[in-house]
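Asks: Can you keep this structure in mind? I'll have questions shortly.
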Amino acid sequence: MNRHLPGPFAMACTAGLLLLSLPSTSTAADINCSRYRGEIERKYVNGNLVIDKDCEIERSAVNGNLKFAGPFVAVIEDSRINGNIECGGVGEVRVENSVINGNFVDCEPGREESDDDDGGPGEDDGGSPGEDDGGSPGEDDGGSPSDDDDGKSDDDDDGKSDDDDGEFDDDDGEFDDDDGKEDDDDGRGPWDDDRFVFNASLDGYQATPLTLSTSGEGEFEAKVNKKTGKLEYELRYDDLEGGPVLFVHIHLGRPAIAGGIIAFLCSNTPPPMGVETPECPAEGEKLRGELDEMDVIGPEAQGIAPGEAEEALRALLNAAAYVNVHTEGRPSGEIRGQIKPELKKH
């Protein structure tokens, strides 16, 4: 969705650095980087960030200190740290295009990630011919074609993955299930698992807290757009008995269990401050929209903080979310459907 990001979601540009003022992901004094599986992107961390594993911080703000808990590496790009970076003599930090409003304490800033840090043509090489030496032909040699250095590698070197067509290639091993990260993370968005499509069939028999007999029915379909990192969805409903639609949400909850709101799909009433969502369509018409991390509003009491799209996606992948259509006659929801993940068919 195109949005102007009012209120707490407003963008701020400082010294050419784009920062997103997002809701806090935690109120704790110390937040571990491992909570985000080593990748913090477009987040506002309200507290000290403990580097308890190798950690990438991109387009984010940390309202506290960075504290290393061991010999790990922290890469900070296009971000702001409102405190000190405390390496403890064991941590390594690499900073690119970022603002540090504090001091480096017991740190040795890391080198730029490059094959010619010292100006020579090879990695840690003063210019003599050899492996990884751009001055003479050889394996991994930038001067002659090879498997990895012709700028057209099979995976990551050209910035394009094997599945640019939006189809996930299960055979290339590109998705590493052990750490939940893609091998060629392009930083485009948190909705990064495009192996699945999501579907829900809505009716009154799935409604809570009361099962309803209604002629209303609906369909919801969604998929991840890997190029934009957003969740694209289509929504349709028809034959509702409860009058005009108030709003439609994705909720966190197992079948027959009511839960809090993850995101708005549409609304015909004023949404909460800072939330932008399209108007709900007339019955029988199809609504097309998209969601990103800024559309995730909770539910914080159930473990999903505002902006935590990774947590929301995990709920969808575990069939722990549902679509609920609220009408004037049935404000708690007239039709509901559990969102089910399915592997894409190739």
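Asks: Exactly which trypsin sites (Lys or Arg not before Pro) in segment 218-286 are in a DSSP loop and have at most 13 other Cβ atoms within 10 Å?
Replies: Values: sites: Lys223, Lys226, Lys227, Lys230, Arg236, Lys286; in loops: Lys226, Lys227.
Loop-located and lightly packed - Lys227.
Asks: Continuing with this model, one more query. For a label point 7 Å from the Cα of Arg236 along Cα→C-beta, name the residues of segment 204-221 whose backbone N is under 15 Å from it.
Replies: Hits in segment 204-221 for Arg236 at 15 Å: 217-221.
Asks: Across every pair of different alpha-carbon atoms, what Kirkwood hydrodynamic radius in Å does segment 248-342 reach? Mind dumping the intermediate values first?
Replies: Working: mean 1/r = 0.0733 Å⁻¹.
Evaluated over segment 248-342, this radius sits at 13.6 Å.
Asks: R0 = 45 Å: FRET efficiency of Glu300 with Lys345, Cβ-based, nearest 0.05? Don't skip to the answer; put the middle values down first.
Replies: Working: r = 36 Å, r/R0 = 0.80.
According to the calculation, E is roughly 0.80.
Asks: Between Tyr205 and Thr269, what length comes free when the chain is fully extended (0.36 nm per residue of separation minus the Cα-Cα distance, one decimal in nm)? Before the final figure, lay out each step's value.
Replies: On the way: separation 64, 0.36 × 64 = 23.04 nm, distance 2.54 nm.
Between Tyr205 and Thr269, full extension yields 20.5 nm more.
Asks: Expected output is a single nm value to one decimal: the length gained when fully extending between Lys286 and Ser332, i.e. 0.36 nm times separation in residues minus the C-alpha distance. What is it? Kindly include the intermediate steps, with their values, before the conclusion.
Replies: Working: separation 46, 0.36 × 46 = 16.56 nm, distance 2.23 nm.
Here the segment from Lys286 to Ser332 would lengthen by 14.3 nm.
Asks: Next question, about the same structure. Could you tally the net charge around Phe68, taking each other residue with its Cβ under 10 Å from the Cβ of Phe68, Lys/Arg +1 and Asp/Glu -1?
Replies: Values: positive: Lys67; negative: Asp52, Glu86, Glu92, Asp106.
Residues near Phe68 contribute -3 overall.
Every number in this text was worked out from the coordinates using simple rules, so none of it is lab data. Not measured: the values here are computed from a predicted model. When we count neighbours, we look across all protein chains shown, and the Cβ atoms used for this are built from the backbone with ideal geometry, even at glycine.
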